[in-house]
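First comes the structure, then the notes that go with it.
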Amino acid sequence: MAFQTLVAKKALGAAALRNGAAELGLGPALGLCQSRKLQTFSLPDLPYDYGALEPAISGEIMRIHHQKHHQAYITNYNKALEQLDEAMAKGDASRVVGLQSAIKFNGGGHVNHTIFWKNLAPTKEGGGEPPKGELGWAIDTDFGSFEALIQKMNAEGAALQGSGWVWLALDKELKKIKVETTANQDPLVTKGLNLVPLLGIDVWEHAYYLQYKNVRPDYLKNIWNVINWKYANKVYEKETA
Ligand SMILES: [Fe+2]
């Protein structure tokens, strides 16, 4: 995941270090860290052009989804992380707790969309080609057939109230794949630390409304034409090796 760094001043931490250094007679010569690095995040590039997924997903949707929506999650996630850093430096427990929902929502938005872009591919690059390899076998074993899996994910996606995500997840403990849904921008990990996302489908209106209006099932039907099963299979084989 792409990240950049910025220097966060640690007021109390620096003061404590200065006092400690003074007691040891080290003074400023120590150059003690009156600052430390806080990791923040930046928008990852898409591995294809905005219009490359047409006609399944329009270029306009992809551009706005990536440049505006995903960027907004990152901007707000970074802001919340900086505020968290300040709150922790001040020992402000109440503020630390108060920031958790912003971190979950915006951090989840960044995590989920980063996966989502990788889950898609233009048809000329193999998008929509049914899964081969070990994941193909696992789908047949756990769902009966590839078609049955698609039917289940479409049904769960259509039934999801409000905004959220439909996932094909690997349960690393049970060594099985399963379908899960999460609300809002909750990432899959909120359903269990043992769950690894193989495929996530964004069912927020911003993912389809400009093209499909309120007909989410049509979006769900067409998105399979640009699903990157090679990526999902690669993750599956790595996580089950
Ligand atoms: Fe989205």
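As a test of the formula, what do you get for the chain when each DSSP H run with n ≥ 4 contributes -39,500 (n - 2.57) and the sum is divided by the residue count, at 222 nm and rounded to the nearest 500 deg cm²/dmol?
Numbers: 10 runs with 113 residues, N = 241.
Helix-only estimate at 222 nm: -14500 deg cm²/dmol.
Could you pull the accessible area for ASP218 with a 1.4 Å probe, rounded to 10 Å²?
Rounded to the nearest 10, that gives 70 Å².
Could you name the aspartates and glutamates in cross-link range of LYS104, using Cα to Cα under 16 Å and dropping any fewer than eight places away on the same chain?
Correct list for LYS104: GLU82, ASP85, ASP186.
Keeping the other protein chains in place, figure out the carbon and sulfur percent of the accessible area of the chain, with a 1.4 Å probe.
Values: 6840 of 12650 Å².
Ligands and nucleic acids excluded, carbon and sulfur reach 54 percent.
Taking θ as phi - 60°, what are the ³J(HN,Hα) couplings along the stretch 110-123 by the Karplus curve (6.51, -1.76, 1.60), each to the nearest whole Hz, with x for Gly and Pro?
Once θ is set to phi - 60°, the couplings for the stretch 110-123 become 5, 4, 5, 5, 4, 5, 4, 4, 6, 7, 10, 7, x, 4 Hz.
Which value in nm describes the separation of the simple spin-label points at ASP140 and LYS176, placed 7 Å from the Cα toward the beta carbon?
Simple spin-label model gives 2.0 nm for this pair.
First measure r as the distance between the Cβ atoms of VAL96 and LYS221, then evaluate 1/(1 + (r/R0)^6) with R0 = 51 Å and state the FRET efficiency to the nearest 0.05. If you can, show how the numbers build up before the last one.
On the way: r = 44 Å, r/R0 = 0.86.
Efficiency at R0 = 51 Å is approximately 0.70.
Mind scanning LYS152/LYS172; LYS178/LYS238; LYS172/LYS234; LYS152/LYS175; LYS172/LYS221 and naming the pairs with a C-alpha gap bigger than 23 Å? All intermediate terms of the calculation are to be shown ahead of the outcome.
Values: LYS152/LYS172 21 Å; LYS178/LYS238 17 Å; LYS172/LYS234 15 Å; LYS152/LYS175 20 Å; LYS172/LYS221 28 Å.
Among LYS152/LYS172; LYS178/LYS238; LYS172/LYS234; LYS152/LYS175; LYS172/LYS221, the Cα-Cα distance tops 23 Å for LYS172/LYS221.
I'd like the accessible area for HIS206: 1.4 Å probe, protein heavy atoms, all chains in place, Å² to the nearest 10.
That residue has around 40 Å² of solvent-accessible surface.
Check the straight Cα-Cα distances from LYS37 and name the lysines below 16 Å, setting aside those fewer than 8 residues away within the same chain.
LYS9, LYS10, LYS79
At 1.4 Å probe radius, can you tell me the per residue accessible area of the stretch 123-240 in Å²? Numbers along the way, then the final one.
On the way: 5870 Å² over 118 residues.
Per-residue value: 50 Å².
Which residue, ILE201, ILE177, ILE64, has the most motion in a Gaussian network model of the chain that connects Cα atoms within less than 10 Å?
Among ILE201, ILE177, ILE64, the largest GNM mean-square fluctuation belongs to ILE64.
Suppose each label sits 7 Å from its Cα in the direction of the beta carbon; what would the LEU43-GLU129 distance come out to in nanometres?
Between LEU43 and GLU129, the label points sit 3.1 nm apart.
Roughly how many whole Å is it from the C-alpha centroid of the stretch 38-110 to that of the stretch 126-156?
With the stretch 38-110 and the stretch 126-156 each reduced to a Cα centre, they are spaced 30 Å.
Taking amide H positions as placed 1.01 Å from N in the peptide plane, with prolines and chain starts having none, which residues 5 or more places from LEU198, or on another chain, fall under 5 Å of its amide H?
Excluding prolines and chain starts, which carry no amide H, the hits are LEU168, ALA169, LEU170.
The values are calculated or read from the model by the stated rules, or taken from the named source; none is laboratory data. Small disclaimer: the values here were computed from a predicted structure and weren't measured. Don't worry about glycine lacking a Cβ; one is built from the backbone with ideal geometry, like all the others, and counts go over all protein chains shown. Ligands, DNA and RNA are excluded from the accessible area calculation, which covers all protein heavy atoms including side chains. Shrake-Rupley method; radii C 1.70, N 1.55, O 1.52, S 1.80 Å.
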